[in-house]
1. Sort 183-193, 39-49 by the packing proxy (mean of other Cβ within 10 Å over each peptide's residues), most packed first.
2. Just from the alpha-carbon atoms, what are the Rg and Dmax of region 135-259 in angstroms?
3. Work out the FRET efficiency for Ile239 and Glu265 from their Cβ-Cβ distance, taking R0 = 30 Å, and round it to the nearest 0.05.
4. Among the helices of the chain (complete DSSP H runs), which have Cα atoms covering no less than 18 Å along the helix axis and a Kyte-Doolittle mean of at least -1.0?
5. Provide the convex hull volume over Cα atoms per residue for the chain, in Å³.
6. Using alpha-carbon positions, what is the distance between the centroids of region 78-157 and region 165-187, in Å?
7. Where a Cα-Cα gap under 20 Å defines reach, which aspartates and glutamates qualify for Lys267, not counting those fewer than 8 residues away within the same chain?
8. Using a simple charge model, +1 on the beta-carbon of Lys and Arg, -1 on the beta-carbon of Asp and Glu, nothing else, what dipole does region 48-140 show about its Cα centre, in debye to the nearest 20?
Amino acid sequence: MGKANNLKSQEVAVDENSQEEIEERNRNDKLRQAIRKTIVAWIIFGLLFCSGIAFLIYSGVRKEFRHNNWVKTEAVVVNQEVQEKYDKENNKTERFYHAVFKYEFDGKEYIVADKTGGNSPIYRVGETTTIYVNPKNPKELESQTTTQFFFIFGSLMLVISFCALCFTTAPVLDAAFPKADWTDYVGRYLPFAIFAWAVTIVSAIMMKAHSAWNINALIVFIVALIFSVFISIVMIKSIVENTMRRKRIAKKVAEIDETLKEMEEFKEQYPELFKEQSKDNKR
């Protein structure tokens, strides 16, 4: 009987090991398939991520060069130059406002329009602001808006590419850790929250970057703020619910272990009861 029981226990152990090997093999196959499907997206969004870093570096280098080599000058906004651009895709004409600056350099007066514009006035007419003038070509200027554009564009590109990398990596994480909860946060909730809060912050900066209010940025700010708060609440609620669920499961497992332990102790204290039961079963 002892040998038979040992053989049965060995067979059960072999079956369990075989089942674990099959599950491990299936999990590895799914993981490899998920990685193969994601490689192209990783390359594309990885390049965009690097481009966002490059824009931020360029923004910083450009600002440093301007401060060191160009002349800081006070200018007055005397007009708004309106440039129209026809959008064939939407069949409408878009207007872009470029501030016209009046300033003096080396005793001469210059009136030059800013190369960087917006779909609403960035500066108010009559406002005095700081610009940087190229000493080798005084008609060439740069306002704070230009550097800000490269910084914001690079930041948004960085955030968008990072969020896209998280989304595309989510299936890989699900395949690698099928029973884990944190993959939902890293692959789904977190990028949504980061993107929404990034748009909220950028729109807040653009809303009143200068003295003229940007109505479009105000609308984007309100929508993004509502969405950011909503996503954050959903993510926190999900984390709390999953944490409480894991605690409930752990408590149930502990109760079952305690019950089994008590049964084993009872069996050791009264072995004759179980011997009689086994005899009755044989009859």
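The values are calculated or read from the model by the stated rules, or taken from the named source; none is laboratory data. As the structure is a prediction and not an experimental result, all values here were calculated from the model. Here the Cβ is made from the backbone with ideal geometry for all residues, glycine too, and neighbour counts use every protein chain on show. The accessibility values were calculated without ligands, DNA or RNA, using every heavy atom of the protein model including side chains. Shrake-Rupley method; radii C 1.70, N 1.55, O 1.52, S 1.80 Å.
1. Output ranking for 183-193, 39-49: 183-193, 39-49.
2. Answer for region 135-259, Rg first and Dmax second: 22.0, 87 Å.
3. 0.15
4. 2-69, 144-176, 190-207, 215-269
5. Value for the chain: 231 Å³ per residue.
6. 44
7. Glu255, Asp257, Glu258, Glu276, Asp280
8. Roughly 180 debye for region 48-140.
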